[in-house]
Each structure stands twice: as structure tokens, then as C-alpha cells.
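The values are calculated or read from the model by the stated rules, or taken from the named source; none is laboratory data. Everything numeric here is computed off the predicted structure, so don't read it as measured data. For neighbour counting, all protein chains shown are included, and Cβ atoms are generated from backbone atoms with ideal geometry for every residue, glycine included. We work out accessible area using only protein heavy atoms, side chains counted, and drop any ligands, DNA or RNA first. Shrake-Rupley method; radii C 1.70, N 1.55, O 1.52, S 1.80 Å.
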Amino acid sequence: MPQNSPQGPRLFTVSEANALIPFLEKGLSELAAFRGEMRSLRKDIEVLSLISASAAGSGNPDAAELRNKRKRYRFIAAEIEKLNTALDDIGCVVKHPDEGLVDFFHLRQGRLVFLCWKVGETEVRFWHSLAGGFSARQSVDPPADRT
């Protein structure tokens, strides 16, 4: 498990971050699917809101569809919140959910940095400073820094 610090973020070794990759791949995939469905529902809800506002009666099929879409939207929003909470609870930092960018706090030569991983990579092989980003990634080698 990641090291807990009473004064700061969870610190990960490369091995600990690598062990989370299957969980992250599954969670980020689900998150991307939910976010895509949410965007689609948002458009549908906008259109149906206009239609149902101009149609008389709550028995209108468009009004019923609008209620169903809003209900699904609320469900997806709750699922996204659960996934975000699960990711936060393990201590990683999801930098860009749609691109699958995840950082992990790590001590490198006494300095707090981020280990950096992206969906599609088989293991954590890069790090960058807290102020740096994906474009500033550097190799975690030499192997002595991999733990």
C-alpha cells in the first residue's frame, strides 16, 4: 500500500503505482464511457426541454422521455462521483480523465515529484516535477529510483 504521511499526500513507489494500473485502466474506461453518455444526454435534455415546454400536458411522450433522460443523467453523475472518489481515495491524481493521464506523488532524491502514467502504457516509466507536466516527463531510471 502507498505510504501515508500525516502531513501530506500519499507517496507511491513505482511498484505501488504499477500495481494500480489494472484498477486505473478499468476506472478510467468506465469514467470515459459515463462522461461520453453524459454529454449525449445533456444534448438530448436540452432539445427535449424545448419540445416539452411547447407541448401541452404531462402525458406527452416527450415529457416522459425528458424525465427518463434526467433520471439517467442523475444516475450517471452519481456514478462519476463514485469513481472520482475511489480514484481520490487511493491517492492518485487524475490530471486528465479523457486522455487517461494520472500522476502519483513520489519522493525522488528527497524531492517531491509526480510519477506519471497514461492509459496505454504498460507500466510507470516517467516522472516530472510538481510544476511540470506531461511534456516535462523524464525516465524513472536508474533502477534504484524504481522503488
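Proximity of backbone amide H atoms, modeled 1.01 Å from N, is registered between residue 108 and 113 at under 5 Å, excluding neighbours fewer than 5 places apart on the same chain. Computed from point charges on the beta carbon alone (+1 for Lys and Arg, -1 for Asp and Glu), the dipole magnitude for the chain about its Cα centre is near 280 Debye. With a Cα cut-off of under 15 Å and a minimum spacing of 8 residues unless on different chains, the lysine pairs in the chain number 5.
Relative contact order, percent, of the chain when contacts are C-alpha pairs under 8 Å separated by at least 6 residues?
22 percent
Taking the C-alpha atoms only, the angle from helix 61-90 to the longest principal axis of the chain is near 10 degrees. Defining a contact as two alpha carbons under 8 Å apart and six or more residues distant in sequence, what relative contact order in percent does the range 86-143 show? Result for the range 86-143 is 20 percent. In the set (1) 1.09; (2) 1.42; (3) 1.24, the label that goes with Cα Rg over 2.2 N^0.38 Å computed for this structure is (2). With all protein chains in place and a 1.4 Å probe, the accessible surface of the range 77-121 carries 51 percent carbon and sulfur. Entry note, the chain: the mean residue ellipticity at 222 nm calculated from DSSP H runs of n ≥ 4, each adding -39500 (n - 2.57), is -16500 deg cm²/dmol after division by the residues and rounding to the nearest 500. Per residue, the range 44-126 exposes an accessible area of 57 Å² to a 1.4 Å probe, with every protein chain left in place.
Think of the chain as a dipole: +1 on every Lys or Arg Cβ, -1 on every Asp or Glu Cβ, centred on the Cα centre; then among 21, 85, 117, 85 lies furthest on the positive end. At q = 0.18, 0.20, 0.26 Å⁻¹ the log10 of I(q)/I(0) for the range 66-147 amounts to -0.79, -0.91, -1.27, computed by Debye summation with a single uniform scatterer per C-alpha, solvent ignored. The alpha-carbon positions of the range 28-111 define a convex hull whose volume is 91 Å³ per residue.
Other residues lying with their Cβ under 10 Å from the Cβ of residue 10 contribute a combined charge of -2, Lys and Arg counting +1, Asp and Glu -1. Taking the Cβ of residue 76 as the center, what net charge do the other residues with Cβ under 13 Å away carry, scoring Lys and Arg +1 and Asp and Glu -1? In short, +4. For the range 44-53, backbone phi angles converted through the Karplus equation (6.51, -1.76, 1.60; θ = phi - 60°) give residue-by-residue couplings of 4, 5, 4, 5, 5, 5, 5, 5, 5, 5 Hz, Gly and Pro being listed as x. Exposed loop sites were defined as GluC sites (Glu not before Pro) in DSSP loop states (anything but H, G, I, E or B) carrying at most 15 other C-beta atoms within 10 Å; in the chain the longest segment without such a site runs 1-98.
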